[in-house]
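Taking it in order: structure first as structure tokens, then the write-up.
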Amino acid sequence: MDRMNFHVMTLFPEMIEQGLSTSILGRAMERGLISLNAVNIRDYSLDKHRRVDDYPYGGGAGMVMTADPVVRCCRAIQEKIAGEGRKKPRVIYLTPQGRVFRQSMAQELAQEGELIFLCGHYEGIDERALELIVTDRVSIGDYVLTGGELPVMVMIDVIARLVPGVLNNQESPEFETFHDNLLEYPQYTRPELYEGMRVPEVLLSGHHARIEEWRRRQSILRTDAVRPDLMEHAVLSKKEQRFYREMRDRAET
Ligand code: ADE
């Protein structure tokens, strides 16, 4: 089985290491299923004070990360990868000005054996560095964070759990949220009666086909209620399409 290697260029490598080394991903690293290499961009500054930022040309608030440390850091990682005989990986820059990250993008990126991520800080990075090294610009959502570190941790967490062997239970991805573009159905465990609320009868029936139908219908109801935008792309059987149409007709009358 091939290991998936993640490289992160950042001014705060400890934040990435600490954030991703516990729980499921920590265990996946110990087992050699994934690796994490957090590299400090500051180590590639040639400035005698190790500076990595400067004032923006044209004026304006804040500081901009200079091109040279970022480009040199990236080339050092790329040379190491080439030296070990592997192919040149994609370089992903985390920015609100990117394509929005979704489960489908994670599935696509999980097919790559290796990825390099670039975290920005301050008011951004000199555009020329980005033009030289970046292959993809990705946003994790329509809001602004103080840097790319939390977004990169989100991306690595989502991608790593798709790497074979990282989750114990490899049957789960096909039953979870976003499969067929639907949200997941509600789950229950013991006790059967809690503060006057019963577990839905069908789940105690032992009737697998009926349970499966009930779960799919719950998924459809939930998705329609909170994420109608996903319903347009939902993958439904003929019978489920009929259920959904009837449900909507009832809602309209
Ligand atoms: N950096 C700051 N905000 C971000 C976002 N929403 N996604 C990715 N990187 C970011």
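The values are calculated or read from the model by the stated rules, or taken from the named source; none is laboratory data. Everything numeric in this text was worked out from a predicted model, so none of it was measured. Note that each Cβ is placed from the backbone with ideal geometry, even for glycine, and that neighbours are counted across all protein chains shown. The area values use the complete protein model at the heavy-atom level, side chains included, leaving out ligands, DNA and RNA. Shrake-Rupley method; radii C 1.70, N 1.55, O 1.52, S 1.80 Å.
Annotations
- Loop GluC sites (Glu not before Pro), the stretch 126-167 (other Cβ atoms within 10 Å of the site Cβ: 10 or fewer; DSSP): none
- Taking all protein chains as they are arranged and a probe of 1.4 Å, the heavy atoms of E252 leave approximately 140 Å² accessible to solvent.
- Beta bridges per DSSP, both residues in the chain: antiparallel share near 15 percent.
- Length added when fully stretched, K239-A209, from 0.36 nm per residue minus Cα-Cα: 9.4 nm
- Average accessible surface for the chain: 61 Å² per residue, computed with a 1.4 Å probe over protein heavy atoms with every protein chain in place.
- Computed extension length for R50-T177: 41.2 nm, one decimal, from 0.36 nm per residue of separation with the Cα-Cα distance subtracted.
- The base-10 log of I(q)/I(0) for the chain, evaluated at q = 0.09, 0.11, 0.15, 0.17 Å⁻¹, reads -0.55, -0.75, -1.09, -1.26 [Debye formula, identical scatterers on Cα atoms, solvent excluded].
- Relative pair counts by distance (%), Cα atoms of the stretch 1-151, 5 Å bins: 2, 9, 17, 22, 22, 15, 8, 4, 1, 0, 0
- Per-selection Kirkwood Rh - the stretch 43-131 (Cα, Å, 1 d.p.): 14.9 Å
- Note on the chain: helix-only mean residue ellipticity at 222 nm, from DSSP H runs of 4+ residues weighted -39500 (n - 2.57) and normalised by residue number, equals -11500 deg cm²/dmol.
- Debye log10 I(q)/I(0) for the stretch 203-253, one point scatterer per Cα, at q = 0.14, 0.16, 0.24 Å⁻¹: -0.39, -0.50, -0.96
- Length, then width, then depth: along the principal axes, the Cα atoms of the stretch 142-213 run 49, 31, 22 Å.
- Protein-only accessible surface at a 1.4 angstrom probe places the residues T189, T253 in the order T253, T189, largest first.
- Between helix 149-160 and the chain: long-axis angle, C-alpha atoms, 0 to 90°, nearest 10: 50 degrees
- Packing, as the average of other Cβ atoms within 10 Å across residues, places the peptides 229-242, 133-146, 8-21 in the order 8-21, 133-146, 229-242, highest first.
- Angle in degrees between helix 208-226 and the longest Cα principal axis of the chain, rounded to the nearest 10: 60 degrees
- With coordinates expressed along the principal axes, the C-alpha atoms belonging to the stretch 41-93 extend over 44, 25, 11 Å, beginning with the largest.
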